[in-house]
Amino acid sequence: MTSVPASRRPSRVPWGVIVWPALLAFCLLPGVLPRLVQPLTAGERLTFEPPLWQLTLTHLGLVLLATGVVLLIGVPLAVVVTRPGREALRHLTETLVGLGQTVPTFAVLALAVPALGFGWAPTLLGLIVYGLVPVVSNGVAGLLSVEGHLLDAARGMGMSPWQRLQRVELPLALPVLLAGVRTSTVYNVGTATIGAALGAGGLGAPIINGLSQQNPGLVLVGAVLAALLALSLDALLGLVVSSPLSPAE
Amino acid sequence: MSVSGQPGAGVRGAYAPWSVPGGTGTVLVLATLPMLAGTLLPWVLLRPNRLAPGDSLRLPPALVGAGLLLAALPLLTARLFPRLTGLAASLAVVAGFWALGTQTQAAVAGQAPFARASAASGVWLFWLGAGIATYGAGLLTRSRPERWLAWAWGPPVAALFLSGHLNAWSVLIEGRSEGPRWVQELGQHLRLVGEGLGLALLIGVPLAVWASGRERAAGTVLGAANAVQTLPSLALLGLLIAPLSALANAFPALRALGISGIGVAPALTALTLYALLPILRNGVVALRGVPSGTLDAARGMGMTPAQLFWRVRLPLALPVWLSGVRQAAVLLVGVAAVAALIGAGGLGTYIFKGLQSAATDLILLGAVPAALLALGLDAALRGLERLLGRHFGRGP
Amino acid sequence: MIELQHLERRYGDAYAVRDLNLKFPEGELTALLGPSGCGKTTTLRMINRLTEPSAGRVLLGGRDTRDLRPEELRRGLGYVIQQIGLFPHLTVAQNVATVPELLGWDRRRTARRVDDLLELVGLDPAVYRAKKPGELSGGQAQRVGVARALAADPPVLLMDEPFGALDPLARDRLQDAFKDIQQRLRKTVVLVTHDIDEALRLGDRIALMHAGTLAQFGTPDDLIHRPASPFVRHFLGEDAVLRQLAGRAAAEFVRPGDPAGLPRIADTLDARSALGVMLREGSDALAVLREGVPLGVLRWDDLRVREAQARKAQA
């Protein structure tokens, strides 16, 4: 899932940044969504306990926490395995990342339950494992794409390995790395809905409840909110990813 | 530029006289640690029945000693006889299965028939380490005929399964009792994936060909496919319920055809939509990526548009396109597992059942085959890509 | 200034450089010339320890370079490479300021230095300071590359095919500009090149290498007129004299005289082209003008003396 930053014209106004979060906020206003899905629920007015905004916050918190941990683990990992003389570690990492990409998400989440029990813990673990995939693979790809002659010039100017990493390699790998963070975060919004089956709460809860109660309205509420959350995060992160790199002072 | 002054791979010389990727030693150390830890941790979890909490049992001292030795063996072999590292790693894998068999047998011996002995954390860690060791051995010997030794564990492990040595393992007990139903769900899973992929190909291939020639259509198609991908699979399944059940309510004829809000119909629709993205994206990108010089040359030779497509554009685009089909197939194995929630059946049924009743063995019965299915499908389609890539003279 | 003693670099059984002894004179430009694979780049990289020698040592101002930390050593040696290697994420000014920053110069001093250097290499600081490398032409980028190497005012400049990736016109202009800069700064320069014309044009001295060893070390005149071996003569080619003339300005051969009635040339014209003008005009003398003002007379004999010398040496 090596995603490449989408080439966007900077002149284009990123409408998504305004539209999606605004729609999300509108849907979270008390009573708005239940009224909208009323035709699907046989006239019954849905009430939510805990309230929808709280489910959304739980969901968002789970995703952002996972992204934070993924950054803390993934970036150093990508740096460590791309140092010269560690090709074997890089191969191993790439193979594991490939496995993570291939093994179904739901299987990863379910397999975490025996180890961690029910609740948010296995979901968080699954989100971290799954979220690491694009961050590590993009981080490795970004760091490897730094051209040899630039490193040669940096070495020739007397930069230490740490200075080369900090001043040359990381800034140049940053766009690709951030694209990976964006992919990881947005996909995890979807993955986290499945976490409701593991008792993690969040926006998957109304979906699962609706499916088991055969109530399409309930499903729609969760699905719409999850989709809007994913689109909002995608647009917001797109703002960071596509912005021109600020010159390092 | 003359030869650059990069120091050679670190492991060279210390382990093997041939060229080995740097850091292979570290990989083998990373393999040893989980194996050591696994040997010392609980090996078997014994429960009076399949749902009750149970006791952790450790390996007997003699086996702990043997386990520690086996854990260190790949690393030692790599130092002393690097060519045989694959054999040492395979030995560790087989030993892990063998010890699981003996320990589960010993645990359930004399217990009530409902007692279940399952693999505890130690086994999983030991397998993890042994797996990394076979990987490290593969790297160490990858330019040599001995690399096949890293796969030597295959036949003995198969023999352990077939001989009934592992029959006391709770997952296999569960599997035997599910027996034909499990095979049926596996078949249903494969059918969901196959049909979803087939429908997506039927729609996606012509659509990609049509869109690849049109700048704006290509943008729209890709944008739409991307938007579908942003939707969580669970949300998409849920969203399809409403329109499909509305359709079924409005046209009873459709309901007679089996279309309703839940079941196979929304699952197949969702699977098809999901598979469309990689197929469309890679198809459009690959078809548009054919160098214009090549197309010019072909036109210059007097090819008709049809000949141009069948003889030049399609063969050149095929490897990239196929990798999109592979991504779609792998993705579908996962989405199909989730689709069990809306009554579509498949291996996901066991995962949800296991989650609902907190039965780990049922979860494993669904999740492990689903994972293996995805990996197998990935490997098979990769092989196909390589074959076709070679056939058309373009490596993947 | 820089002295190589029994310097060697092996890769397995193969020698890239073998028992090399060489003294680069202070304040002069020495061209390390030779065919590809002769070990010239390896030699250069052993000076700043981007490649570690297998044997022998490098003395810098009398000090063994192994006694310094590699980073410390490199910060004191300017380094210019063929691929230029400007950092694409930094502006021109930030690129030039790299080494001063590594050395911990204060901001104002660095900024002033950057402007001075951009002016030195012929780029208007106000225009180029804030540009990114992607916005520069090849020639402009390598000007920045030279400025970056000179930033901390190192006494030594190591250049690895610095003009090799430029188109002929840009290369010509940059060689002129660099010759000019070197005349002012008088750095000790080691310039690796496979281009004979470049070596003749820029080098105060030439070290010609062959298969990892030194074939000849001397002034361009030495190499042309007193080749030490058939390899040297063969490498420089039969037209070495003309090539050398092409590398020198007509003004260098001017002697005082009466320019009246003679065909006129500008003093910036190279000597070889001047020879061509004489043949075309059928005249054995030319008037050389600097910005329209007569400088003196260039005579056929003065150019021929060198040819005669060369023939004598080759015979």
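The values are calculated or read from the model by the stated rules, or taken from the named source; none is laboratory data. Just so we're clear, the structure is a prediction, and the values are computed from it rather than from any experiment. Positions of Cβ are backbone-derived with ideal geometry, glycine not excepted, and every protein chain shown enters the neighbour counts. Side chains are part of the model used for accessible areas, which takes the heavy atoms of the whole protein and leaves out ligands, DNA and RNA. Shrake-Rupley method; radii C 1.70, N 1.55, O 1.52, S 1.80 Å.
Odds and ends about this structure:
- Among the residues making up the range B:342-361, those that are more than 10 Å from every other protein chain (Cβ to nearest Cβ) and modelled with pLDDT of 85 or more are B:346, B:349, B:353.
- Checked against the criterion of being away from chain A (no Cβ under 14 Å) and in contact (Cβ under 8 Å) with a residue 12 or more places away in the chain, the candidates C:82, C:140 yield just one match: C:140.
- In the set C:166, C:174, only one residue is more than 13 Å from the chain's Cα centre (by Cα), farther than 15 Å from residue C:41 by Cβ and hydrophobic (A, V, I, L, M, F, W, C); that residue is C:166.
- Tallying residues that are under 21 Å from the mean Cα position of the chain (by Cα) and touching a residue at least 24 places away in the same chain (Cβ under 8 Å) within the range B:345-358 yields 6.
- When residues of the range B:142-171 are limited to those that are closer than 15 Å to residue B:86 by Cβ and part of a loop (DSSP other than H, G, I, E, B), the one modelled with the highest pLDDT: B:153
- Where a residue in the range B:159-175 is free of Cβ contacts under 8 Å to residues at least 24 places away in the same chain and assigned by TED's automatic domain parsing to the domain that holds residue B:47 and its partner, wherever it lies, is outside any helix (DSSP H, G or I) and aromatic (Phe, Trp, Tyr), with Cβ under 6 Å and at least six apart: none
- Which numbered condition residue A:205 fails, given (1) in a helix (DSSP H, G or I); (2) within 25 Å of residue C:134 (Cβ to Cβ); (3) more than 9 Å from every other protein chain (Cβ to nearest Cβ); (4) open to solvent by 10 Å² or more (accessible area, probe 1.4 Å): (2)
- Residue-level check: of (1) at pLDDT below 85; (2) part of a helix (DSSP H, G or I); (3) under 26 Å from the mean Cα position of the chain (by Cα); (4) not hydrophobic (A, V, I, L, M, F, W, C), residue B:79 misses just (3).
- Only one of A:176, A:146 that is more than 8 Å from every other protein chain (Cβ to nearest Cβ), open to solvent by 10 Å² or more (accessible area, probe 1.4 Å) and part of a loop (DSSP other than H, G, I, E, B): A:146
- Residue match in the range B:174-191 (condition: part of a helix (DSSP H, G or I), more than 28 Å from residue B:365 (Cα to Cα) and modelled with pLDDT of 80 or more): no
- The sole residue among A:92, A:99, A:55 that is of a type in the set (A, V, I, L, M) and more than 9 Å from chain B (Cβ to nearest Cβ) is A:55.
- Residues that are open to solvent by less than 20 Å² (accessible area, probe 1.4 Å) and more than 15 Å from residue B:330 (Cβ to Cβ), drawn from the range B:268-283: B:270, B:272, B:280, B:283
- Exactly one residue out of A:171, A:122, A:104 is closer than 23 Å to residue B:376 by Cα and not hydrophobic (A, V, I, L, M, F, W, C), and it is A:104.
- Every condition in (1) within 23 Å of residue C:59 (Cβ to Cβ); (2) in contact with a Cys (Cβ under 9 Å, 6 or more places away or on another chain) is met by residue C:214 except one, and the failing one is (2).
- Selected residue [in contact with a helix residue (DSSP H, G or I) (Cβ under 7 Å, 6 or more places away or on another chain), over 30 Å from residue B:22 (Cβ atoms) and without any contact (Cβ under 8 Å) to a residue 12 or more places away in the chain] from B:232, B:156, B:206: B:232
- Scope the range C:255-301; condition among the acidic types (Asp, Glu) and touching a Lys or Arg at 6+ places or on another chain (Cβ under 8 Å); matching residues: C:267, C:270, C:284
- Filter result (within 11 Å of residue A:106 (Cβ to Cβ) and assigned to a helix (DSSP H, G or I)) within the range B:326-351: B:333, B:334, B:335, B:336, B:337, B:338, B:339, B:340, B:341, B:348, B:351
- Total residues in the range A:109-128 satisfying the condition of being in a helix (DSSP H, G or I), surrounded by fewer than 22 Cβ atoms within 10 Å (Cβ to Cβ) and within 8 Å of chain B (Cβ to nearest Cβ): the figure is 1.
- Members of the range C:7-43 that are part of a loop (DSSP other than H, G, I, E, B) and within 14 Å of chain B (Cβ to nearest Cβ): C:12, C:13, C:34, C:35, C:36, C:37, C:38, C:39
- Put simply, of B:60, B:74, B:48, B:34 the only residue that is under 13 Å from residue B:128 (Cβ atoms), of a type outside the set (Gly, Ala, Ser) and either open to solvent by 20 Å² or more (accessible area, probe 1.4 Å) or in the same structural domain as residue B:105 (by TED's automatic domain parsing) (or both) is B:34.
- Residue list for the range C:49-79, restricted to those being in contact (Cβ under 8 Å) with a residue 40 or more places away in the chain and at the interface with chain A (Cβ under 7 Å from one of its Cβ atoms): C:75, C:79
- Filter pass, residue C:114 being within 23 Å of the chain's Cα centre (by Cα), crowded, with 22+ Cβ neighbours inside 10 Å and more than 7 Å from chain A (Cβ to nearest Cβ): yes
- Some residue of the range C:127-148 being of a type in the set (Phe, Trp, Tyr) and assigned to a loop (DSSP other than H, G, I, E, B): no
- Test set (1) assigned to a strand (DSSP E or B); (2) away from chain A (no Cβ under 11 Å); (3) surrounded by 20 or more Cβ atoms within 10 Å (Cβ to Cβ) - residue C:46 fails condition number: (1)
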